[in-house]
């Protein structure tokens, strides 16, 4: 069969428009992959990769090398053996490892992430540095402390925002990132309260069923009245519900950050005299600084609901939108209280 009609391979040319389209498709695929991760996660990955890359360059190593021993050595360097007061937690080291995984996988680098060098390094760090493993959770916000905090807030414009932020965050068991992202268009009136669509969250892909409901409870702790008062005074009719302020006190058009939620709660707790507490340690009364954070709202609602329902884990799981009962229980303070321990139930006086 004659092949005279076929062009030699070296004479074949590609349509340049196809190349441009392929580049555009690759870029779009990358943007979609990044969109699957939260901004906080991406920020953490960027920070972790930059730290690893700088560590490699200082030692004339290639960051993209599929070298498990190299990565294990970097992880070890995060907690110098001579630094007994090291503040890094195992969770932070795991984030650094996740950042390296993310960037190497995106670069098409294949590596066995269960390699003994990496696995044993993580186990060894935890065993040799037990103080790194346990990190005390933030203080959960009890109903009594919530009321104390709310009553101490002056109801100027900033105060109205902070009151609404705290009450809505508690009532909906919101993550701080979810609170920061709420927009007017996400809030829908339903009988007896509001339904708030959460969009894309840490554990949900953003379907329309991903919602939290807050009720009009009446009284000083009513989240619905609080958010109505804030939006009415601030004249917010579209866009972000919770917004920041300029240095001169003017309202910004942009949403607050997740970090703002933590700072607001911390400052309002301090203003209400809730920043310290007295506890018994070693047979004496000592004053401790209370660790408040954005999760204090979520932990507080989980604990309060568990107490109100006599330990109904399903109710807690549904309210906080946790995937499993085990995850929900991690947020319930009472599940680890001394009063519910085996020793109290078995050895306590009748």
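Numbers for the structure displayed
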| quantity | calculated |
| --- | --- |
| Where a residue in the stretch 284-298 is within 22 Å of residue 258 (Cα to Cα) and its partner, wherever it lies, is part of a strand (DSSP E or B), with Cβ under 6 Å and at least six apart | 290/277 |
| Residue in the stretch 84-93 that is modelled with pLDDT of 80 or more and surrounded by 15 or more Cβ atoms within 10 Å (Cβ to Cβ) present | yes |
| Among the candidates 329, 285, residue that is closer than 21 Å to residue 139 by Cβ, modelled with pLDDT under 90, outside the structural domain of residue 167 (by TED's automatic domain parsing) and in contact with a strand residue (DSSP E or B) (Cβ under 8 Å, 6 or more places away or on another chain) | 285 |
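The values are calculated or read from the model by the stated rules, or taken from the named source; none is laboratory data. Just so it is clear, the structure is predicted and the values come from calculations on it, not from any experiment. With ideal geometry, Cβ positions are generated from the backbone for all residues, glycine too; neighbour counts draw on all protein chains shown.
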